[in-house]
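The values are calculated or read from the model by the stated rules, or taken from the named source; none is laboratory data. Note that the structure is predicted; figures quoted are calculated from it, not measured. Using ideal geometry, Cβ is built from the backbone for each residue, glycine included, and neighbour counts are taken over all protein chains shown. The area values use the complete protein model at the heavy-atom level, side chains included, leaving out ligands, DNA and RNA. Shrake-Rupley method; radii C 1.70, N 1.55, O 1.52, S 1.80 Å.
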Amino acid sequence: MRNLYLTAFLFAMALFNTAFANTGIALVHGTGNPSDAYNSYWKSEFVESVRQGLDNSSNLIVVNCNFDKYMWDAAASGCLATQLHDFITSKNIDDLIVVTHSNGGNVMRWIMSNPTWDSRYPRIIDSLRWVNAIAPSSGGTPLADAVMQGNMFEKVLGWILGFKTDAVRQQQEAWMAYYNANWLLGTGGRPSLPKGFWTIVGSDVESAMWDRDSYCGGYAETVGLEVTQNWLDGCSDGFLNCSSQNAAGSVWFYDKDRLRGGEPLNHNQSRRKCFNLDVFIRNDI
Amino acid sequence: MNKLKAVTFASLAALSLATVAKKAPSDSKEINDYLLPLDKKAVTFSQKLMPDENITLGKTSLSVSSKSYYQTINGAALKSGVWLYTTAEKAVVRITPAKSLVNGKTALSKTLEPTDLVLSGNNGEFNVSKSGMSIQASSQQLNSAHPSIFKNSSAFVIDKSMGKGDFLLKTNKSIDDNSKYLIHVFDKNSNVSLDLKSSQSSFSQGQLLRVKAKFSGNQNIDYAMSNAKLISPTGEQYDMSLNKGKTGVNANLKIDFDTQRKPGELWKVVFDMNSDSQDKVKRTAELAIDIHEKTARIAKVKYGNSGAEVSVNVDKPGRYEIRSWIFTGSGKRMEPGRIEYSAKWLDEGNHTFLVPLSSKKGLREEIKQLQLMDQSRLAVLDILEQ
């Protein structure tokens, strides 16, 4: 009975904290080095739709960092920590929701899994309510494997297939298996992350020419992702297998279970205003 | 899963003690490419665990499974024809031009499109673009899907009507004999995979690296046509000796060479294996492992009234972390309680980390696992199970 009272008390405290907290939201992009992720990565329609869920509409930040680098690099997690820390400090945010896409989930998970790496990390973790990770590449992707396999280094030629970015190397499945087992939390057999890591899983690519839903986010991109599905499982979004997307944290929902018309989200659509994805993110605030 | 449930536990975690020490320890001038420029402040953090968390303790093993293989060929071979081996229908084939030396100069070989390729098998000869191959992807399509990944590559899926088995792939395009291509065959629908396993994921100098490999099913290995090698992050290759095991094969290598690498970059063990069966199976599998320099070690753990003192011997200055996995219980049953993290900059010599443990009556706390991490070089140096 005592435990019941304690749980009820903590639950009430949590609700109280959430209700009276200063809530902020950060959008964290995936692989790449954007200087204007608002327009180039997410697009304004998505960001502005999500912003409507905030009491104070200025409490939103769109992060711009170099995620072509390894997740532990100062240009990646160091940059993300700087932008998140400055955001919560300058705006007195004590209830931070972080929304990540793709490899952005790995960089955020690096911060959450290695709290002593940087003296700013504990403050960021303590301010977090949770992370909503859209299509995170937690288990890597066979596409990174495909492009790295056989890419030998020869003294005269250098890398015979050309140099691949650190982020591509990092997202090989075997590399992510190592990092998940040693440096990252939240996957099977590992301790949980210090705060929730809720995943939205994209499970298919639909590219029928007559279906207007195939055009959301761009038809050419959708067709390209349908092609690259050949290297992936039946359940995949054109870049990641579902097993990679749900490898860490807890599943919030699969695309077809919640989105408008039971539509699947391909890897490009999962960062765009497609099939009410933005509404789910907004209402979660 | 209910997010509100998680809020409750998130609040518990928010009660965690996170402190930042005021003073940074002494500087070291041994900063180089192999040392990350990390914060020198000491930081501690305490993370609550759920009692029912299913946590695996001890050294971590790694495994990988592959249904694909790749090979590098030159232009002359591709013009006369190169054999592809599949064990199931609808294999996916990708062709990527590589750099080569042409007339003494480095050049990227010409891109080959599906229209440039002819595939022949038991059911005849087909131009890849006209045969009804179920999917043909031009280099432009693949590049637009993932520019950073599939630049210049083209691909096709072998049409179901062509079945499985051996195929001859050749090009009629005029390409230089010395040009170079990577052919990658993904036998996606096959039930035969090459499985690799290592009982540990992290190695240091002087240790023996051992990786087991076997085909799934009843495929036997053709030892004369198989090999394994270790490849460093910068491309140096080391041949591994193969020994027949009870099931499959073991590849071994004593690590007695320079193990310097950029922090976090992994080495890979690559197996190229062929079966000795009539229906030839060919597979390449790659396992990523860490090989690092042993820069520090846990020397001693001493328990006192308020916790444990962990002594660490440091050979090279850097930022080090002790991660303590603490289980709690009141009787015999112990459950996950929390993780205590403590990191600080340490110079060469002997140092101590203090791990706080509860001294409350009736509540027992035990350190089930201790980890020593070199944050500056990204290496897991010690894992001690208590």
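Straight-line reach from residue B:280: which lysines fall under 17 Å, measuring Cα to Cα and dropping same-chain residues less than 8 apart? Within reach: B:67, B:90, B:164, B:188, B:214. For chain A, the longest principal axis of the Cα atoms and the long axis of helix A:173-182 meet at an angle of about 30 degrees.
State the percentage of accessible surface on the protein assembly as shown attributable to carbon and sulfur atoms; use a 1.4 Å probe and exclude ligands, DNA and RNA. Display every interim value, and only then the final one.
Details: 13390 of 27510 Å².
The nonpolar share, carbon plus sulfur, comes to 49 percent.
With 10 Å bins beginning at zero, the pair-distance distribution over Cα atoms of the protein assembly as shown amounts to 3, 14, 24, 25, 19, 10, 4, 1, 0 %. Inter-chain Cβ neighbour count for B:283-293, averaged per residue, equals 3 (cutoff 10 Å, partner chain atoms only). Whole Å is fine, so just give me how far the alpha carbon centre of the range A:217-285 lies from that of the range A:68-106. The distance from the Cα centre of the range A:217-285 to that of the range A:68-106 comes to 22 Å. Per-residue ellipticity at 222 nm from helix content only, as computed over the protein assembly as shown with -39500 (n - 2.57) for each DSSP H run of at least four residues, stands at -5500 deg cm²/dmol. Here the 3J(HN,Hα) profile of the range B:264-277, calculated from phi with Karplus coefficients 6.51, -1.76 and 1.60 at θ = phi - 60°, is x, 6, 9, 8, 10, 9, 10, 9, 10, 10, 10, 8, 9, 7 Hz, Gly and Pro shown as x.
With a probe of 1.4 Å, find how much accessible area the range B:36-86 has per residue, and write the answer as a whole number in Å².
Here the residues of the range B:36-86 average 46 Å² of exposed surface.
Return the aspartates and glutamates within reach of residue B:244: Cα separation strictly under 14 angstrom, same-chain partners fewer than 8 residues apart disregarded; answer none if there are no such residues. Candidates past the 8-residue exclusion: B:222. Taking a straight line from the alpha carbon of residue B:105, these lysines sit under 23 Å away, with near neighbours fewer than eight places off in the same chain left out: A:155, A:164, B:79, B:151, B:173, B:180. Net charge near residue A:27, counting Lys/Arg +1 and Asp/Glu -1 over other residues with Cβ under 14 Å of its Cβ? Summing Lys and Arg as +1 and Asp and Glu as -1 gives +1.
With the contact rule set at Cα under 8 Å and sequence spacing of 6 or more, what percent relative contact order holds for the range B:292-367? After rounding, I find 35 percent. Counting only alpha carbon atoms, the long axis of helix A:2-20 and the longest principal axis of chain A meet at about 80°. Were the residues from residue B:257 through residue B:335 laid out at 0.36 nm apart, the gain over their Cα-Cα distance would be 23.9 nm.
The alpha carbon centroids of the range B:57-130 and the range B:318-386 are separated by 49 Å.
Is there a simple number for the mean count of other chain Cβ atoms within 10 Å of the Cβ of residues in A:224-235, and what is it? Please report the intermediate quantities before stating the final value.
Values: counts 10, 3, 4, 12, 8, 2, 11, 8, 1, 1, 0, 0.
Shielding by partners across A:224-235 averages 5.
Placing pseudo-labels 7 Å out from each Cα toward the beta carbon at residue B:305 and residue B:347 gives an inter-label distance of 3.3 nm.
Among rounded, prolate and oblate, which fits the range A:22-284 when a ≥ b ≥ c are the square roots of the eigenvalues of its C-alpha gyration tensor, a/c under 1.5 means rounded, and a/b larger than b/c means prolate? Could the numbers behind the result be given before it?
Values: a/c = 1.59, a/b = 1.09, b/c = 1.46.
Oblate.
Relative contact order of chain A: 19 percent, from C-alpha pairs under 8 Å at least 6 residues apart in sequence. Using the alpha-carbon centroid of each, what span in Å lies between the range B:217-265 and the range B:274-299? So the separation of the two Cα centres works out to 6 Å.
Quick check: net charge around residue B:369, other residues with Cβ under 15 Å of its Cβ, Lys/Arg +1 and Asp/Glu -1? It would help to have the intermediate numbers written out before the result.
Values: positive: A:190, B:59, B:323, B:338, B:368; negative: B:53, B:321, B:335, B:340, B:365, B:366, B:382, B:385.
Charge balance near residue B:369 sits at -3.
Highest mean packing first, where packing is the average number of other Cβ atoms within 10 Å per residue, the peptides B:103-109, A:100-106, A:215-221, B:180-186 line up as A:100-106, B:180-186, A:215-221, B:103-109. Is the range B:194-292 best put as rounded, prolate or oblate by its Cα gyration tensor, with a ≥ b ≥ c the root eigenvalues, rounded for a/c under 1.5, and otherwise prolate when a/b is larger than b/c, oblate when not? Because a/c hits 1.5 or more and a/b exceeds b/c, the range B:194-292 counts as prolate.
The relative contact order of the range A:211-285 comes to 29 percent, based on Cα pairs under 8 Å that sit 6 or more residues apart. Rounded to 0.05, the FRET efficiency of the residue A:21 and residue B:236 pair, given R0 = 51 Å and the Cβ-Cβ distance, is 0.45.
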